[in-house]
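Below is one structure, written out as structure tokens; comments come after it.
Derivation of every value follows stated rules applied to the coordinates shown; laboratory data play no part. Since this is a predicted model, take the numbers as computed values, not measurements. A quick note on method: Cβ atoms are made from the backbone with ideal geometry, for glycine too, and the neighbour counts reach across all protein chains shown.
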Amino acid sequence: MRRLLSIALAAVAAWVVLDTQAAPAADKLRIVASTTDLKALTEVVTGDLADVDAMARPNQNAHDLEARPSLMVKVRRADAMIVNGLDLDSWADVVVQGANNANVVPGAPGHIDASRGLLVLEVPKTRVDRSMGDVHPLGNPHYTLDPGMAPQITANILEGLVRVAPQHRAGFERNRQQFLARLEDGMGRWNKMLEPYKGAPVVVGHGMWIYLLNRFSLLQVGTVEERPGIPPTANHIAKLINLMKEDRVKVIVAEPWSDLKLIQRVAQDAGAQVATLASSVGAVRGTDTFIEAVDFNVKTLAQVLK
């Protein structure tokens, strides 16, 4: 009997220790972001005040994500959800419906659109239909690739999180200011690295790089895709190669998930090089934070443009 009592007391003590250790985690906000870029930018705001998860994998085309039950489980207990908006992650609406979480439905305090107030590029001036490929009627949604957008994006995230957890405002603001200081240092480095190549012509695989190229005054002159999301015809490839030769294009920017064999062949025939960039945070090795991803992309571009 005494032995059983000792075992029971030991079990209770162990439970108390585990419960005490788990308590701080229970106090953390649970946040789900649609992409790894938004996960990284949310983490710089929250610091250790939240656990942040992403629905899209870093090395996949976020357009093509399937609203799986496992994603609905992630969202079911979330206090907040950060979405990209501009139709990049429209599948998130399906996930929210399946998750049955009133905290994150559109219009709820915990539903945070990171695109608010941004200057959106490539907004179509004519009617858009499916025959045009994966064209976005609200404009190009890949704004997170531009480090110059990060101040407004993180401001949107902070504003949304304060609605959910106003008691953490001071912590969120302090974390964001520390990030912005690091970002400012980075912008100085990145501008210096790409300054010699202002106006250089660039071809891209998929039309997602315009924000990054515009930030550093590089000129997009063509795409390997004839229409967004649709494989190119042989005629389009032949015209693109001639264009690259005429404009002396030195680089094709590719995404890790793109048809790299085709892009390599086009580059070889045109006398150019392929720069496979991080299409999102974590898409290539060594890009696990937002600043690391921009660092990698800028250094890679500078190297191939040299």
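Listed values, structure above:
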quantity	calculated
222 nm mean residue ellipticity, helices alone, for the chain (DSSP H n ≥ 4; -39,500 (n - 2.57); rounded to 500)	-15000 deg cm²/dmol
Spread of Cα-to-Cα distances over 5 Å intervals beginning at zero, given as percent, for region 69-219	2, 8, 14, 16, 17, 17, 13, 8, 5, 1, 0
Efficiency of FRET between K198 and N100 - r from beta-carbon atoms, R0 45 angstrom, step 0.05	0.35
Prolate/oblate/rounded label for region 134-197 (Cα gyration tensor, a/c 1.5)	oblate
Inter-part distance where region 177-212 and region 38-74 are each reduced to a Cα centre, Å	24 Å
Fully extended contour minus Cα-Cα distance, from R189 to V73, at 0.36 nm per residue	37.7 nm
Where labels lie 7 Å past Cα in the beta-carbon direction, separation of Q268 and R163 in nm	5.2 nm
Student exercise, the chain dipole from Lys, Arg, Asp, Glu Cβ charges, in Debye to nearest 20	400 debye
Simple label model, 7 Å out from Cα along Cβ direction - E246 to S217, nm	2.6 nm
In region 222-282, the trypsin sites (Lys or Arg not before Pro) that fall in loop regions by DSSP, at most 13 other Cβ within 10 Å	R248
Between helix 290-305 and the chain: long-axis angle, C-alpha atoms, 0 to 90°, nearest 10	20 degrees
Fraction of beta bridges assigned by DSSP in region 149-306 that are antiparallel (%, nearest 5)	10 percent
Helix axis angle, 150-164 relative to the chain longest principal axis, alpha carbon, degrees	30 degrees
All Cα pairs of the chain, percent lying beyond 30 Å	40 percent
Sparse-neighbour loop sites [trypsin sites (Lys or Arg not before Pro); region 147-227; at most 11 other C-beta within 10 Å; DSSP]	K198
Using a Förster distance of 22 Å, the FRET efficiency for L260-T233 (Cβ separation, nearest 0.05)	0.70
Where labels lie 7 Å past Cα in the beta-carbon direction, separation of T126 and D288 in nm	4.8 nm
Dimensionless Rg ratio for region 30-92, taking C-alpha atoms and the 2.2 N^0.38 Å reference	1.04
Antiparallel DSSP beta bridges within the chain, as percent of all bridges there, nearest 5	5 percent
Prolate/oblate/rounded label for region 217-306 (Cα gyration tensor, a/c 1.5)	prolate
Dipole in debye (nearest 20) - region 90-131, about Cα centre, beta carbon charges: Lys, Arg +1; Asp, Glu -1	140 debye
Amide proton proximity set for A33, modelled H, under 5 Å, gap of 5+	D53, A54, M55, I82
Normalised contact order of the chain, rounded percent, pairs of Cα under 8 Å and 6 or more residues apart	16 percent
